1. Quick check: anything in the range 217-230 free of Cβ contacts under 8 Å to residues at least 40 places away in the same chain, assigned to a helix (DSSP H, G or I) and farther than 19 Å from THR156 by Cβ?
2. Taking the stated definitions as given, is PHE63 surrounded by 15 or more Cβ atoms within 10 Å (Cβ to Cβ) and part of a helix (DSSP H, G or I)?
3. Return yes or no: is ARG241 surrounded by fewer than 14 Cβ atoms within 10 Å (Cβ to Cβ), over 23 Å from the mean Cα position of the chain (by Cα), not aromatic (Phe, Trp, Tyr) and not assigned by TED's automatic domain parsing to the domain that holds LEU41?
4. Within the range 93-102, work out how many residues are among the hydrophobic types (A, V, I, L, M, F, W, C) and over 16 Å from PHE70 (Cα atoms).
5. Would you say PHE210 is on the phi < 0 side of the Ramachandran plot, assigned by TED's automatic domain parsing to the domain that holds PRO161, of a type in the set (Phe, Trp, Tyr) and under 18 Å from the mean Cα position of the chain (by Cα)?
6. Kindly establish whether ARG87 is outside any loop (DSSP other than H, G, I, E, B), over 23 Å from the mean Cα position of the chain (by Cα) and of a type outside the set (Gly, Ala, Ser).
7. Exactly one condition in (1) crowded, with 20+ Cβ neighbours inside 10 Å; (2) in a helix (DSSP H, G or I); (3) not acidic (Asp, Glu) is false for ALA56; which is it?
8. Among all residue pairs at least 6 apart or on different chains, which show Cβ distances below 7 Å where the first residue, located in the range 138-152, is closer than 8 Å to SER176 by Cα and the second is among the polar types (S, T, N, Q) and not in a helix (DSSP H, G or I)?
Amino acid sequence: MKIADLITWFEEWANPAWCESWDNCGWQIEPGVLQENARVLVCLTPTLAVMQEAIALRANLIFAHHPLIFSPPKSLRSGEAIAEMARLAFTHNIGIYSAHTNFDQVQDGTADVLAQILELQEVTPIVPTHSELGYGRVGMLKPSLKLQELLATIQTRLAPPNLIFSPTADLQQTISRVAVLGGSGASFISAVVKTDAQAYLTSDCKFHQFQESRDRGLILIDAGHYATERPACDRLVQKFRSFDLDWVQLSHKDEDFRQFFA
């Protein structure tokens, strides 16, 4: 399959026109690879480590969730990360394509995959945007779980380096309705409360957002940005493998960007 055909298929599924105004979905760098047979390295974040991996594996497309460029740089200078990525992309003929907030909304996107990992049923978007699509997912646990069991399930299935949850939460409380949103989802707390979810799995939550959730009767669970979005990248690899690609692989050089001192 040509890279152009792969991107056409993807954009029919997750239209880049759905991305938010602050976002930058679609081609980040296209050095003239559209008619090449696709050799794809999928990653969460396009970094120099991922680029070096792509070069070593002779990939010609880095397909990333996070954009390389969020806002137009005012200059490109040697030694700067974006400039080096651009230089290497053109030198080695490797395209960089990002699917961000458009991919968040679709079936089998970041939120949908989280809901599937937790085996939620009767799932609907937290905030609908298009027909049957939207940001986040909320659904039922069947059977219900104790909060302690839910936290253990999240720890086992997502393997976050650190799992944070609301203060004074009763670990023996029965949880039957759960909301999920991969990545930075604290701004959706008010919308989640309206869904009657008892617990909300997301990431990048601040001190006072835990306080707000507690005061509004919502158990906030922060599993980290990487752990909540990386599974959707793996799902992309599985989907791409159903096509006639020369080669596709999930990056082994993706980084969490955080370490926790034990």
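1. Within the range 217-230, not a single residue is free of Cβ contacts under 8 Å to residues at least 40 places away in the same chain, assigned to a helix (DSSP H, G or I) and farther than 19 Å from THR156 by Cβ.
2. no
3. no
4. 1
5. no
6. Taking the combined requirement at face value, the residue satisfies it.
7. Going through the list (1) crowded, with 20+ Cβ neighbours inside 10 Å; (2) in a helix (DSSP H, G or I); (3) not acidic (Asp, Glu), ALA56 breaks only (1).
8. MET140/GLN121; MET140/SER176; LEU141/SER176; LYS142/GLN121; SER144/THR174; SER144/SER176
The values are calculated or read from the model by the stated rules, or taken from the named source; none is laboratory data. For clarity, every value in this text was computed on a predicted model and none was experimentally measured. Because the Cβ atoms are built from the backbone with ideal geometry, glycine has one as well, and the counts that use them run over all protein chains shown.
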